[in-house]
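**Q** Dropping the structure in here first, questions after.
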Amino acid sequence: MLSTHLSPSTSPLTYSSLTTLVYFRNLTTPSDLTAIYNCSAFFAYAFSIPLLREKPQADKIISVMIAVVGVLVVAYGDNTNKQEQDGSANTRLGGNMLIGVGSVLYGLYEVLYKKLLCPPSGTSSGRSVIFSNTVCACIGAFTLLILWIPLPLLHWTGWETFEIPTGETAKLLSISIFANAVFSGSFLILISLTSPVLSSVAALLTIFLVAITDNILFGRELTSAAIIGGLLIIAAFGLLSWATWKEMREESEKEATDLTSDIEDHDD
């Protein structure tokens with residue numbers, strides 16, 4: 001059953017990941033990549049309404065919009081790098097369209113994961129965590145066994161050149177791989193325990209954390225746009241967390257009331 005649901009759920013993830021390659025092919029800019037790709041939080045909420053039958057709520061919609069605005073502020077607030085503005089407009093438009101499709105599909109992936117690959121409601125949090133880690137391991141195994149196949153073809157055709165990392169590069173890549181594994185596992189657990197929308201907005205917090213880390217480790221300036229955008233994302237996450245907690249509490253109270261009514265009816 002897991003393998004049956006795994007393929008349709010992760011297919012959008014595969015494509016959305018591949019769309020980030022358009023940046024490395026100079027088809028877009030870092031600002032566009034950040035802004036467009038992280039709009040997946042909006043699409044996650046949009047897909048949650050028909051697929052998860054989630055009721056539209058004003059506080060959630062406002063939270064998602066604030067988060068998206070925060071991302072735009074971070075991406076474009078202090079965009080004074082003239083080099084980013086250079087290049088072919090048609091090429092940049094095409095790259096942005098590809099990233100836009102990837103953003104939509106990543107939002108769809110989050111919702112499909114919640115719908116098809118999460119334990120049913122009422123499952124203990126411990127079992128949900130174990131199941132999420134199992135799914136994450138399966139996705140990693142598929143990536144390791146299958147998705148490497150195009151790399152030699154790209155290398156031999158000259159479309160993209162690859163080489164085995166060594167020295168400091170290998171060390172930094174190892175740290176990056178470990179950090180990404182922790183993030184991916186935690187992200188899937190959060191989707192399982194809460195909702196795709198909250199998880200997607202929570203992931204946006206990493207944008208602000210990256211800016212802070214760059215400032216601490218590399219002395220890069222923490223711009224006003226990064227601070228304002230980061231505070232907007234934090235505010236959106238706080239508001240959405242409160243809305244999600246309130247919704248989960250109401251559902252728990254309703255389930256408890258229904259259970260009590262069923263017991264009383266059975267006794268009668």
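**Q** Please determine whether any residue of the stretch 71-84 is part of a helix (DSSP H, G or I), at pLDDT 85 or above and crowded, with 20+ Cβ neighbours inside 10 Å.
**A** Yes, the stretch 71-84 has at least one match.
**Q** Can you say whether T34 is modelled with pLDDT of 60 or more, among the polar types (S, T, N, Q) and touching a Leu at 6+ places or on another chain (Cβ under 7 Å), as far as the supplied structure shows?
**A** no
**Q** What are the residues in the stretch 159-179 that are at pLDDT below 85 and surrounded by 11 or more Cβ atoms within 10 Å (Cβ to Cβ), if any?
**A** Residue satisfying the conditions is E160 alone.
**Q** Ok, one more. S132 passes all but one of (1) more than 21 Å from the chain's Cα centre (by Cα); (2) of a type in the set (G, A, S); (3) surrounded by 10 or more Cβ atoms within 10 Å (Cβ to Cβ); which number fails?
**A** (1)
**Q** Let me ask something else about it. For the stretch 198-218, how many residues meet the condition of being in contact with a Gly (Cβ under 9 Å, 6 or more places away or on another chain) and buried (at least 17 other Cβ atoms within 10 Å of the Cβ)?
**A** Applying the first criterion (in contact with a Gly (Cβ under 9 Å, 6 or more places away or on another chain)) to the stretch 198-218 yields 200, 204-205, 207-209, 211-212.
Next, from what is left, pick out any that are buried (at least 17 other Cβ atoms within 10 Å of the Cβ): 200, 204, 207-208, 211.
Residues meeting the conditions: 5.
**Q** Looking at (1) modelled with pLDDT of 85 or more; (2) within 30 Å of I139 (Cα to Cα), can you tell me which one W242 breaks?
**A** (2)
**Q** Out of (1) among the aliphatic types (A, V, I, L, M); (2) under 30 Å from K60 (Cα atoms); (3) at pLDDT 90 or above, what's the single condition that is false for A203?
**A** Result: A203 fails condition (3) only.
**Q** So, of the residues in the stretch 135-158 that are without any contact (Cβ under 8 Å) to a residue 40 or more places away in the chain and surrounded by 12 or more Cβ atoms within 10 Å (Cβ to Cβ), which turns out to be farthest from the chain's Cα centre (by Cα)?
**A** H155
The values are calculated or read from the model by the stated rules, or taken from the named source; none is laboratory data. No experiment lies behind these values; they were computed from the predicted model shown. Please note: Cβ atoms are built from the backbone with ideal geometry, for glycine as well, and neighbour counts cover all protein chains shown.
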